[in-house]
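What follows is a set of notes on a single structure, which appears directly below.
The values are calculated or read from the model by the stated rules, or taken from the named source; none is laboratory data. Nothing here was measured: the structure is a model prediction, and the numbers come from that model. Reconstructed Cβ throughout: ideal geometry from the backbone, glycine too, with neighbour counts over all protein chains shown. Only protein heavy atoms, including side chains, enter the accessible area calculation; ligands, DNA and RNA are left aside. Shrake-Rupley method; radii C 1.70, N 1.55, O 1.52, S 1.80 Å.
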Amino acid sequence: MNWLTNVVRPKIRNMLRRETPENLWIKCPDSGQLVFYKDVEANQFVIPGSNYHMRMGAVARLKSIFDNETWFDIALPEVTPDPLKFRDEKKYADRIKDARARTNLNDAVKVGYGKLEGAGVVVAVQDFDFMGGSLGMAAGEAIVRGMELAVEKKSPFIVFAASGGARMQEGILSLMQMPRTTVAVQMLREAKLPYIVVLTNPTTGGVTASYAMLGDVQIAEPGALIGFAGARVIEQTIREKLPEGFQRAEYLKEHGMVDMVVHRHELRPTLARLCRLLTKAPALESASKPAQAVTSPAQIVSAPETAPAAPHA
């Protein structure tokens, strides 16, 4: 036995070995470029070289919108976690448990209330990492509760849509969220409150067929896939080749399906400007100042309570 080769060398190799995080680098889906994760995160998850818009989590999205990265999390109504006791290759209850552990979210939609350039707004964000942002009972309740809160606060309601459609594990109960959210949109209309939709990549299926296409202003992020059925299904149905870029944000803007395509870096000031115009509110002097990060965590308010103005550092 060679003591130096078999014992000493492996020990030295183990001492010098460094653990490398799995997400240290990100490969751009568009250009194939490898980018340092921290650089992408600091750039609001936009690839610096290609301007490709990566998916953005619910918490990161809320931080990018609210003043001082501070807001009130809105407690949402409880729903039956597995109403149909559904099981395919895996129990639906286990899928929900895994998604909650992976994303640290209760369900696909997170709702917050805070200030956007000094004005109160309610923002709902769909997180695609939670079971593809699918629309189930809990997500539907979250959207409806957010719109109810906007009526209570007499403030604009902004939703960031990102979904593969209705959640099949909840069957007809999932499909019922489409008319429920549509009725809630009408409630905003009757209260004469702005309803702004930001379509992110991807927004498809039952979400596109309901509240995601009913905004007073329809905004899309660059390159976002937006549609009801997939391109392959459409081609097989109509037996024709679809145009280049079909169902992408830029194509839909050219054909009148969305009002504007806005880069993520310009999204916050654009939303603030739209809220001021639609509510006829005067512009604040501090509106042009960039938001300062604070260390205090977002506070929690229960659904029936009236949330005070978001705290500032």
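Things worth noting here:
- Ranked by the mean number of other Cβ atoms within 10 Å of their residues, highest first, the peptides 161-173, 83-95 come out as 161-173, 83-95.
- Ligands, DNA and RNA are left out, and with a 1.4 angstrom probe the accessible area of region 143-202 is 36 Å² per residue.
- By accessible area, using a 1.4 Å probe on protein heavy atoms only, region 173-286 has 57% of its surface on carbon and sulfur.
- Straight-distance crosslink candidates among lysines, where the alpha carbon sits under 19 Å from K63 and sequence neighbours closer than 8 are dropped: K38, K110, K115, K289
- The relative contact order of region 55-279 comes to 15 percent, based on Cα pairs under 8 Å that sit 6 or more residues apart.
- Each peptide in 122-128, 243-249, 57-63 gets a packing score, the mean of other Cβ atoms within 10 Å over its residues, and the list from highest to lowest is 122-128, 57-63, 243-249.
- The A93 and M168 beta-carbon pair, evaluated with R₀ = 22 Å, returns a calculated FRET efficiency of approximately 0.90.
- Relative protection proxy for 30-39, 175-184, from highest mean packing down: 175-184, 30-39 (other beta-carbon atoms within 10 angstrom).
- Separation in nanometres of the label points that stand 7 Å from Cα toward Cβ, at V183 and N43: 4.6
- Our note on the geometry: Cα centres of region 54-75 and region 100-132, 7 Å apart.
- Prolate/oblate/rounded call for region 55-279, Cα gyration tensor, a/c under 1.5 rounded: oblate
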